[in-house]
Amino acid sequence: WVRGDGTVYVLDTGNARVRRVTTNGVMSTMFYAKSDPSTALDGGRCLWMKDDETLAYFGNTDRIRQWTPSNGLQTLASGFTELGTFYVGPGGSLVVGDRGGDYVYQVFGDGSRVVIAGNGTTNGGGDGWSALATGFYGPRGVWPVPTGGYFLLLHDGAQLWYVDAANNVH
């Protein structure tokens, strides 16, 4: 994750740490997750850090983990098949690709989630169809666009889709 001022945050899965690298090259550890095996970073993917460093999210294969300085690590949401990447929207909810489940979810601060794209298969729908009626094969990357909606990158087949603000795919 790269903050607006150029500070870089690294999900160091091999050492079970999230690290900060400042623009002058100084690296430090934000938090360490090895003491509790349920909080380790194995299978880690996707990292987001709030600019003031009071909140971080990262994906951990089948769950989204949340870190705050006061509460440490907690599971925000679980039950995914194989998480891809995510982004945090302006309202604080996450948009998450579940590559193994062929779905894209919106995940809220209380851990609840709703499917916003994908029909759970790799078939159906397509250009101009509702994102909920379209089969996406391995949604892995998601990223917002300024006009509303988001880009969706599929791992399998290397396809790039645009989901517009009305939730139709192109």
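The values are calculated or read from the model by the stated rules, or taken from the named source; none is laboratory data. Model, not experiment: these values are computed from the prediction. As a convention, Cβ positions derive from the backbone with ideal geometry for all residues, glycine included, and neighbour counts pool all protein chains shown. The area values use the complete protein model at the heavy-atom level, side chains included, leaving out ligands, DNA and RNA. Shrake-Rupley method; radii C 1.70, N 1.55, O 1.52, S 1.80 Å.
If you rank ILE116, ILE64 by how much accessible surface each has, with a 1.4 Å probe, what is the order from largest down? Walk me through the numbers before you get to the answer.
Details: ILE116 30, ILE64 0 Å².
Correct descending sequence by accessible area is ILE116, ILE64.
I'd like to know which of SER93, GLY111, TRP1 lies farthest towards the positive end of the charge dipole of the chain, counting +1 on Cβ of Lys and Arg and -1 on Cβ of Asp and Glu.
Selected residue: TRP1.
Please tell me the relative contact order of the chain in percent, rounded to the nearest whole number, where contacts are Cα pairs under 8 Å and at least six residues apart. Numbers along the way, then the final one.
Values: 434 pairs, mean separation 19.3, N = 170.
It rounds to 11 percent for the chain.
Can you tell me, using C-alpha contacts under 8 Å and at least 6 residues apart, the relative contact order of the range 105-145 as a whole percent?
Result for the range 105-145 is 30 percent.
Would you mind telling me the share, in percent, of accessible area of the chain contributed by carbon and sulfur at probe 1.4 angstrom? List each step's numbers first, then the result.
On the way: 4150 of 8080 Å².
On the chain, the fraction of accessible area on carbon and sulfur atoms equals 51 percent.
How big is the gap, in Å, between the Cα center of the range 8-27 and the Cα center of the range 48-78?
A separation of 15 Å, based on Cα centres.
Two decimals is fine: what's Rg over Rh for the chain, C-alpha atoms, Kirkwood radius as Rh? Don't jump to the answer; show the numbers that get you there.
Values: Rg = 16.3 Å, Rh = 16.5 Å.
For the chain, the value is 0.99.
Could you give each residue of the range 123-131 its phi-based ³J(HN,Hα) in whole Hz, using Karplus coefficients 6.51, -1.76, 1.60 with θ = phi - 60°, and x for Gly or Pro?
So the J values, rounded to whole Hz, are 10, x, x, x, 3, x, 7, 5, 4.
Calculate the spin-label point distance for VAL8 paired with VAL115, positioning each point 7 Å from the Cα along the beta-carbon direction, and give it in nanometres.
Distance between the two pseudo-spin positions: 3.8 nm.
Calculate the all-directions average of the projected area of the range 85-129's alpha-carbon convex hull, and give it in nm².
Numbers: hull surface 15.1 nm².
Projected over every direction and averaged, the Cα hull of the range 85-129 covers 3.8 nm².
Mind checking the per residue accessible area of the range 1-123 for me, 1.4 Å probe, whole number of Å²? Don't skip to the end; give the middle numbers.
On the way: 5670 Å² over 123 residues.
Roughly 46 Å² per residue, with all protein chains present.
If you split all Cα-Cα distances of the range 114-160 into 10 Å bins from zero, what percentages do you get per bin, shortest first?
Values per bin, smallest distances first: 28, 60, 12.
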